[in-house]
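K.L.:
Okay, here's the structure, questions in a sec.
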Amino acid sequence: MDAEDLRDIFRSLGPVHVRRMFGGQGIYQGELMFALVASGEVYLKADDETAGFFRDRGSRPFAYETRDGRRSIMGYWLMPESALDDPDEAAELATMAVAAARRAKSAQVRKGSRTRKARKAAEETAT
């Protein structure tokens, strides 16, 4: 699947860009990665709110084997084959994936903010 195919699948989101990564591709709306391609399959970002939706449709999460032989599962779920040819379904799933990616990014920002506050409080206590 090439970058032009991916832009076509996700055209409902407006401009998206594709970056090569780890032998696959990351699909972005702005700086927000909402999908990835690995081994020719498209995976969409999911979280606690949306993983059940994908699971109920027979999807599976993206997983890979680590250097030490363990299996790592990421928060991306296989895009149903039907959505690759159905612009309405692709649009619905892409919107869900972008929302999940935004929630994840927001949670990271909040976590980082708490970490900075805790570090500052510790520094103030130490002085």
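Each reported figure results from applying straightforward, stated rules to the coordinates on display, with no laboratory input. Keep in mind it's a predicted model, so treat the numbers as computed, not measured.
K.L.:
Quick one: which residues, 5 or more positions from Phe62 or on another chain, have an amide H under 5 Å from its amide H? H modelled 1.01 Å from N in the peptide plane, none for Pro or chain starts.
P.N.:
When sequence neighbours closer than 5 places are left aside, the close amide H contacts are Met74, Tyr76, Trp77, Leu78.
K.L.:
Once every DSSP H run of n ≥ 4 in the chain is given -39500 (n - 2.57) and the sum is divided by its residues, what mean residue ellipticity at 222 nm do you get, rounded to the nearest 500 deg cm²/dmol?
P.N.:
Helix contribution divided over all residues of the chain: -15000 deg cm²/dmol.
K.L.:
List, in order, the whole-Hz ³J(HN,Hα) value for each residue of the stretch 68-82 obtained from phi through the Karplus relation with A = 6.51, B = -1.76, C = 1.60 and θ = phi - 60°; use x for Gly and Pro.
P.N.:
8, x, 7, 9, 10, 10, 9, x, 10, 10, 4, 6, x, 3, 4
K.L.:
Taking the Cα atoms only, what angle lies between the long axis of helix 87-126 and the longest principal axis of the chain, rounded to 10 degrees?
P.N.:
10 degrees
K.L.:
What are the ³J(HN,Hα) couplings of the stretch 16-26, residue after residue, when phi is run through the Karplus curve with 6.51, -1.76, 1.60 and θ = phi - 60°? Round to Hz, x for glycine and proline.
P.N.:
Ordered by residue, 3J(HN,Hα) equals 10, 10, 10, 10, 6, 7, 6, x, x, 9, x Hz.
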